[in-house]
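This report refers to the structure that appears directly beneath it.
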Amino acid sequence: MKMNVKRNILICILELIIIGIVFKVLLFSSSGEMSNVMYASLLPLIGAAVLLPYYSKLSALTPKMYCASGILTVIYFLMLSIFQLFATNRFQSMSTVGQCAYTAALIVCMYYCMLHIVQMSIQKKSDDTDLKKQKRTFWFCFAAVAFVTILCVIATDQGVWISDDVGTVDIAVTNEAWNDWHTVGYQMLVWLCYQVVPNPGSVVFLNGLLWIILNYFILLYFFKMKNSNKMMIFYAVASIAVFTPFYYTQVMYKDVIFSMGLVGESLFILYLIHAEKLKWRYLIPGMVAVFFTMTFRHMGSVPALLGILIALVYLVGKKKYKKLLLGSVVTLCALVLNGTVSYVGEHVLKAEPNPAYVTYGSPLYMISAAVHDGIELDENDVALLEQVMPLDEWGNVYNKYWIDDASRTWGKIGAERIAKINDLIEKEGFGKQLIRMNAEIFIHHPVFYASRLLDPSSILWQIAQPNDGYNWALVNVAPNEGITYKGAYPIIQNYGMFTFQSPILQDLCWRGGYCLFFLIISVAILLLKRRRADLIALVPIAIFDVLMIITTPSQDPRFVIETIEMALLVVPYAIFVESKTGHVSKKKKEYKKRELEIERKS
């Protein structure tokens, strides 16, 4: 009893200390001192304050849980970019003692939060057994998601108009000027929609319809599992709260349908691995998802095929040959469809391929970064670069968070110089020289190379907006005179602006760092639950994110909607799916039985 009283007093003291730190940071700071990174650093403190009263629940922790929590804590501070925190005005205004104490408090509180999250996710959940209740939950969650989607779709007659992306697709399709800039497959899909209604509104309708169908299959998959009520409610509430995928249904972007394909493929992989009997009503949507992933983004075939191939190899190992056959048929059908689209685009529509320079966006950016930072280059390399422009001008076109300034006709580098680069690539092998120069810079200056390459893609991996960076969102797009904005538009727009203008919510909804971190937590939970096979479903998003870290050109949220949507699917699954830690294999059972018999005889 005395121990409980002492523990409660200690918890109260710690609560007061943590709350005091949070209030001091918030109340004694000017608006200029509180950056996004500083706001994000408060989350571990707030989380620890909420979880401290539940200290007694940390009873059944294992060494693996301690280790996982430690690794996740380190990853969090790496993704927060803790050196950005140290550089904030608010942190700099603290005394040396205050800085050390604040950093120590952050680390301890984050580790404590991770212990709770891991432990709560691993512990056994009560099962939902009331079928009627499950059905009500399913239809309620589906109706909520469908209602919000319809609200977004009907908010305008043609969706959100963005001249440099939506406009270029519209012009290409309207004039049948086929090209591969937005992928010829996506342009063909838009052309089919335009045969019904010849404006982006038809594509917005398709976006909404596909999003509703995808959510139906996600909720249906959760419905058939244990703890289905919790999964479905978590998914529906989180999806609507984050809201970004719904907002993007209003835009004629290839990324919107591609992201649905990627999430649909991951769901299909889970179904392929775990279903006792495969049914065509699930296999056909799976084939469509794989086809979308392969067709509606450049290099989409890489994550699509690697994910499904690893799943098929897993089925070989498990000797599930019937499932292997059906999975192979689905993959083959998707490949045939993708090949047909490519053939029609190239040989029938005579689509214009992308200029040669497009492939070398990141290498050109890294050359400009190297010159800007004073990295010494070989004389022969300098001579090669000066065929385009003087060396110091390569440094002038550098833009930390926008690759296009050094690699596109509309950037600082200009159309004339890009034309020179394109000519050199096509005729003199300048592209190979760029790759070689980048390799040499990486070998001699690996830290510089990695840090500069990670700057433009910070929207994907960094939890909070960098101190010298910026956040952009669709809600900032100005209304277009040619579009009719209806009664639902102010509701959608106001909530979108609320998420964009709110600290922490801005980074959660319009950046990828938080959702990528949630995916990493989910991986740790699935490993601790001994559900390693489920990780195959994460292969497509893992490969996609690695490719995007190398190639993301700007701080545009459309490059992270795949990560956001995947986190919405995987996080509730990882938290509530049944653990296999209590399962014992037949061989182990037989061995244990033999051991007991030997003991009895002896």
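The values are calculated or read from the model by the stated rules, or taken from the named source; none is laboratory data. Note that the coordinates shown come from a computational prediction; the quantities given were computed from them, not determined experimentally. Note that each Cβ is placed from the backbone with ideal geometry, even for glycine, and that neighbours are counted across all protein chains shown. Note: accessible area is taken over every heavy atom of the protein model, side chains too, but ligands, DNA and RNA are not part of it. Shrake-Rupley method; radii C 1.70, N 1.55, O 1.52, S 1.80 Å.
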Given the options V330, V290, name the one that is within 30 Å of G361 (Cα to Cα) and open to solvent by less than 60 Å² (accessible area, probe 1.4 Å). V290
Would you check which residues across the stretch 218-274 are open to solvent by 20 Å² or more (accessible area, probe 1.4 Å), without any contact (Cβ under 8 Å) to a residue 60 or more places away in the chain and in contact with a Phe, Trp or Tyr (Cβ under 8 Å, 6 or more places away or on another chain) and list them? Y221, Y271
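Only one of L337, L385 is within 30 Å of D180 (Cα to Cα), surrounded by 18 or more Cβ atoms within 10 Å (Cβ to Cβ) and at pLDDT below 95; which?
L385
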Which pairs have Cβ atoms under 7 Å, sit 6 or more apart or on different chains, and link a residue in the stretch 440-459 that is on the phi < 0 side of the Ramachandran plot and touching a residue at least 60 places away in the same chain (Cβ under 8 Å) to one that is of a type in the set (D, E) and open to solvent by 20 Å² or more (accessible area, probe 1.4 Å)? F448/D373
Check on Y401, of a type outside the set (A, V, I, L, M, F, W, C), open to solvent by less than 50 Å² (accessible area, probe 1.4 Å) and under 30 Å from W178 (Cα atoms): no
Could you list, in sequence order, all residues of the stretch 461-472 that are open to solvent by less than 70 Å² (accessible area, probe 1.4 Å), modelled with pLDDT of 85 or more and either in a loop (DSSP other than H, G, I, E, B) or over 25 Å from L80 (Cβ atoms) (or both)? Q462, I463, A464, Q465, P466, N467, G469
Quick check: is even one residue across the stretch 307-322 open to solvent by 30 Å² or more (accessible area, probe 1.4 Å) and under 22 Å from I550 (Cβ atoms)? yes
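So that you can scan it fast, the table gives a plain yes or no per residue for (1) touching a residue at least 12 places away in the same chain (Cβ under 8 Å); (2) open to solvent by 60 Å² or more (accessible area, probe 1.4 Å); (3) acidic (D, E); (4) over 17 Å from P479 (Cβ atoms):
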site: F142; (1), (2), (3), (4): yes, no, no, yes
site: L151; (1), (2), (3), (4): yes, no, no, yes
site: A155; (1), (2), (3), (4): yes, no, no, no
site: I162; (1), (2), (3), (4): yes, no, no, no
site: G167; (1), (2), (3), (4): no, no, no, no
When you go through (1) among the charged types (D, E, K, R); (2) within 20 Å of the chain's Cα centre (by Cα); (3) in a loop (DSSP other than H, G, I, E, B) one by one for D534, which number turns out not to apply? (3)
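If a residue has to be in contact with a helix residue (DSSP H, G or I) (Cβ under 8 Å, 6 or more places away or on another chain) and either part of a helix (DSSP H, G or I) or surrounded by 18 or more Cβ atoms within 10 Å (Cβ to Cβ) (or both) to count, how many in the stretch 487-512 make the cut?
Result for the stretch 487-512: 16.
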Just checking, how many residues over the stretch 473-486 are touching a residue at least 12 places away in the same chain (Cβ under 8 Å), of a type outside the set (A, V, I, L, M) and part of a loop (DSSP other than H, G, I, E, B)? 4
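Residue by residue, here is whether (1) modelled with pLDDT of 90 or more; (2) farther than 28 Å from Q462 by Cβ holds:
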position: I82; (1), (2): no, no
position: L85; (1), (2): no, no
position: F91; (1), (2): no, no
position: Y102; (1), (2): yes, no
position: I107; (1), (2): yes, no
position: Y111; (1), (2): yes, no
position: I117; (1), (2): yes, no
position: K125; (1), (2): no, yes
position: K132; (1), (2): no, yes
Pairs, first in contact (Cβ under 8 Å) with a residue 24 or more places away in the chain and under 13 Å from A155 (Cα atoms) in the stretch 490-512, second buried (at least 17 other Cβ atoms within 10 Å of the Cβ) and among the polar types (S, T, N, Q), C-beta under 8 Å, six or more apart: I492/Q250
Check on S69, of a type in the set (S, T, N, Q), touching a helix residue (DSSP H, G or I) at 6+ places or on another chain (Cβ under 9 Å) and free of Cβ contacts under 8 Å to residues at least 12 places away in the same chain: no
Going residue by residue through the stretch 13-23, is there one that turns out to be assigned to a loop (DSSP other than H, G, I, E, B), loosely packed, with under 12 Cβ neighbours inside 10 Å and modelled with pLDDT under 85? no
Looking at (1) touching a residue at least 24 places away in the same chain (Cβ under 8 Å); (2) surrounded by fewer than 19 Cβ atoms within 10 Å (Cβ to Cβ); (3) not aliphatic (A, V, I, L, M), which is the one condition that is false for Q195? (1)
Odd one out for M231 among (1) under 30 Å from L474 (Cβ atoms); (2) at pLDDT 95 or above: (2)
Members of the stretch 75-91 that are surrounded by 15 or more Cβ atoms within 10 Å (Cβ to Cβ) and among the hydrophobic types (A, V, I, L, M, F, W, C): I75, F77, M79, L80, I82, L85, A87, F91
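Table: residues versus (1) among the polar types (S, T, N, Q); (2) over 30 Å from P503 (Cβ atoms).
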site	(1), (2)
M188	no, yes
L192	no, yes
V196	no, yes
F222	no, yes
S239	yes, no
T249	yes, no
V256	no, no
H274	no, yes
K279	no, yes
Give the residues of the stretch 560-579 that are under 17 Å from I536 (Cα atoms), of a type in the set (V, I, T) and within 16 Å of the chain's Cα centre (by Cα), sorted by residue number. T563, V570, V571
Qualifying helices (runs of 4 or more DSSP H) (wholly inside the stretch 414-460; at least 2 residues being open to solvent by less than 30 Å² (accessible area, probe 1.4 Å)): 415-428, 430-444
Which listed residue, of L45, L26, is under 23 Å from P503 (Cα atoms), open to solvent by less than 20 Å² (accessible area, probe 1.4 Å) and either touching a Pro at 6+ places or on another chain (Cβ under 6 Å) or not aromatic (F, W, Y) (or both): L45
